[in-house]
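*Asks:* Sending over a structure as structure tokens; questions will come in a sec.
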């Protein structure tokens, strides 16, 4: 598919939970004029705990760089797992700098084809835990990794038994805890209020691994999800319409019949 813009975030390359194969498939089958990497593409937190970088993760990075060289505008918005970008921006003493063909920013404003101004940011600055209890966040991050490991093992057992298994333990735990639902709701309201004060039309963010497209008051709120569990992206069609794309269950590619040979066409 050809889109005007694509937003992806929370890929977490460098961790075992990253679904790099699905992301690579998505990037191969979808083109855009603008590609926004909305934070936490590489998980430097995870790499600090233990080094994990399989060849497929390197292939994803190379694919993104090739997309930039082909003419697509790529904007990398810094996330909380991106201390390298944060350190570089501090070194250069600016909020925006270039890295090859990639623009690296703290936040950006995107104007859709139908004229809506959207703030693009990762969103970790609206996470009260990160601001007030960073140690708890680190512990929670480790616990999340454990849940993902258990979930992967369950998937492998199901596949070995020939069972079609789509249930996610980590997602079920998050969705069943009332405090998590309240946390997500508060996060979305804080982000929307910030955008309202900036007199913009909407926002695209990531961070909480929860894809969403909704209206909060007079603000269009979009979260592009993640590539650890949901495998979702936000896309802008050429007319400015925005849509969440689910690549965990990608649309089927139409199968075209083989071309008739000359003999078959002219008996």
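The values are calculated or read from the model by the stated rules, or taken from the named source; none is laboratory data. Every value quoted in this text rests on a predicted model; they were computed, and no experiment measured them. Cβ placement follows ideal geometry from the backbone for every residue including glycine, while neighbour counts extend to all protein chains displayed.
*Asks:* Within region 3-21, track down each residue that is farther than 13 Å from residue 54 by Cα and crowded, with 24+ Cβ neighbours inside 10 Å.
*Replies:* Step one: of region 3-21, the residues farther than 13 Å from residue 54 by Cα are 3-11.
5, 6, 7, 8, 9, 10, 11, listed by residue number.
*Asks:* Same structure, new question: Hey, which of the helices (runs of 4 or more DSSP H) in region 153-267, taking only ones fully inside, have at least 1 residues that are modelled with pLDDT under 80 and surrounded by 10 or more Cβ atoms within 10 Å (Cβ to Cβ)?
*Replies:* 169-176, 178-197
*Asks:* Please find, within region 80-133, the residue that is farthest from residue 7 (Cα to Cα) out of those that are part of a strand (DSSP E or B) and at pLDDT 95 or above.
*Replies:* Ranking the qualifying residues of region 80-133, first place goes to 117.
*Asks:* Need the failing condition index for residue 44 against (1) under 17 Å from the mean Cα position of the chain (by Cα); (2) modelled with pLDDT of 95 or more, just the number.
*Replies:* Looking at each condition in turn, residue 44 falls short on (2).
*Asks:* Could you tell me whether region 3-17 includes any residue that is over 15 Å from the mean Cα position of the chain (by Cα), modelled with pLDDT of 95 or more and closer than 30 Å to residue 116 by Cβ?
*Replies:* Taking region 3-17 and keeping what is over 15 Å from the mean Cα position of the chain (by Cα), we get 3-4, 16.
Then keep just the ones that are modelled with pLDDT of 95 or more; that gives 3-4.
If we keep only those that are closer than 30 Å to residue 116 by Cβ as well, we get 3-4.
Yes - at least one qualifying residue is present in region 3-17.
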